[in-house]
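Presented below is the structure to which this report refers.
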Amino acid sequence: MGWKAAEKLIRHWKVVRGDNVMIIRGKDKGQTGVIKRVVRSQNRVIVEGKNLVKKHIKQGQGHEGGIFTVEAPLHASNVQLLDPLTGKPCKVGTKYLEDGTKVRVSRGFGASGSIIPRPDILKIRTTPRPSVAGPKDTPMEHVYEKTYDPKTGRGMPEL
């Protein structure tokens with residue numbers, strides 16, 4: 001069974017993977033957790049260890065079947081970011097610092113107005129950058145080679 005796409009997508013997301021959030025609606029109302037995954041095509045988030053449901057999985061080739069407990073996605077409007085100083089749920093605004101960097105700030109009733117830092121998990125790359133040139137990479141001597149000279153017209157293809 002696949003997920004349905006959302007009719008109206010959220011353009012500017014306030015929460016990202018790794019944020020501490022509080023669930024404000026549903027069966028786990030009032031509990032806090034860390035966002036494990038953001039599903040932007042459906043306006044949903046998966047909070048680690050929350051909104052658990054039983055899932056019946058049929059046995060197949062290479063995996064066992066049975067009844068498993070999995071985290072179901074929550075709608076993004078049902079979670080609210082936690083203020084880093086007070087630990088209470090707050091609304092999120094954006095602000096530009098003097099050096100021009102864009103940061104998230106807590107706002108709303110009872111919010112401290114402090115900067116909400118980006119989670120460290122976003123800085124970790126899932127696949128490391130290659131440090132050694134592979135067989136399909138262009139050698140550097142060919143990259144710097146001058147193949148067209150606009151003054152003389154050398155290197156222009158014959159049309």
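Tell me yes or no: at least one residue of the range 60-68 is under 28 Å from ALA5 (Cα atoms) and either surrounded by 14 or more Cβ atoms within 10 Å (Cβ to Cβ) or under 24 Å from the mean Cα position of the chain (by Cα) (or both).
Checked against the condition, which is being under 28 Å from ALA5 (Cα atoms) and either surrounded by 14 or more Cβ atoms within 10 Å (Cβ to Cβ) or under 24 Å from the mean Cα position of the chain (by Cα) (or both), the range 60-68 yields no hits at all.
So for the range 31-53 (the condition being surrounded by fewer than 19 Cβ atoms within 10 Å (Cβ to Cβ), basic (Lys, Arg), under 22 Å from GLY110 (Cα atoms) and touching a residue at least 24 places away in the same chain (Cβ under 8 Å)), does at least one residue qualify?
no
Just to be sure I understand, how many residues within the range 128-159 are surrounded by 10 or more Cβ atoms within 10 Å (Cβ to Cβ), assigned to a loop (DSSP other than H, G, I, E, B) and over 30 Å from the mean Cα position of the chain (by Cα)?
Number of matching residues: 3.
What's the number of the only condition in (1) within 26 Å of VAL39 (Cβ to Cβ); (2) more than 19 Å from the chain's Cα centre (by Cα); (3) in a helix (DSSP H, G or I) that LEU122 fails to meet?
Condition (2) is where LEU122 drops out.
Which residue, of LYS50, LYS54, is charged (D, E, K, R) and part of a loop (DSSP other than H, G, I, E, B)?
On inspection, the qualifying residue turns out to be LYS50.
From LYS102, LYS151, which residue is modelled with pLDDT of 90 or more, farther than 24 Å from GLU48 by Cα and not polar (S, T, N, Q)?
Every option except LYS102 fails the conditions.
Among the listed residues ILE121, ILE116, identify the single one that is within 30 Å of MET22 (Cβ to Cβ), of a type in the set (Val, Ile, Thr) and in contact with a Gly (Cβ under 7 Å, 6 or more places away or on another chain).
After applying the criteria, what remains is ILE121.
Would you tally the residues in the range 14-42 being under 23 Å from LYS88 (Cα atoms), of a type outside the set (Val, Ile, Thr) and within 12 Å of the chain's Cα centre (by Cα)?
Initial filter on the range 14-42 (under 23 Å from LYS88 (Cα atoms)): 14-38.
Among the residues that remain, those that are also of a type outside the set (Val, Ile, Thr) are: 14, 17-20, 22, 25-31, 33, 36-37.
Going one step further and asking which of them are within 12 Å of the chain's Cα centre (by Cα), we end up with 14, 17-19, 36-37.
Residues that pass the stated criteria total 6.
Restricting the range 94-114 to residues that are within 18 Å of HIS12 (Cβ to Cβ) and in contact (Cβ under 8 Å) with a residue 24 or more places away in the chain, which is surrounded by the most Cβ atoms within 10 Å (Cβ to Cβ)?
The residue in question is SER106.
The values are calculated or read from the model by the stated rules, or taken from the named source; none is laboratory data. Here the structure is a predicted model, which is why all the values come from computation and not from measurement. As a convention, Cβ positions derive from the backbone with ideal geometry for all residues, glycine included, and neighbour counts pool all protein chains shown.
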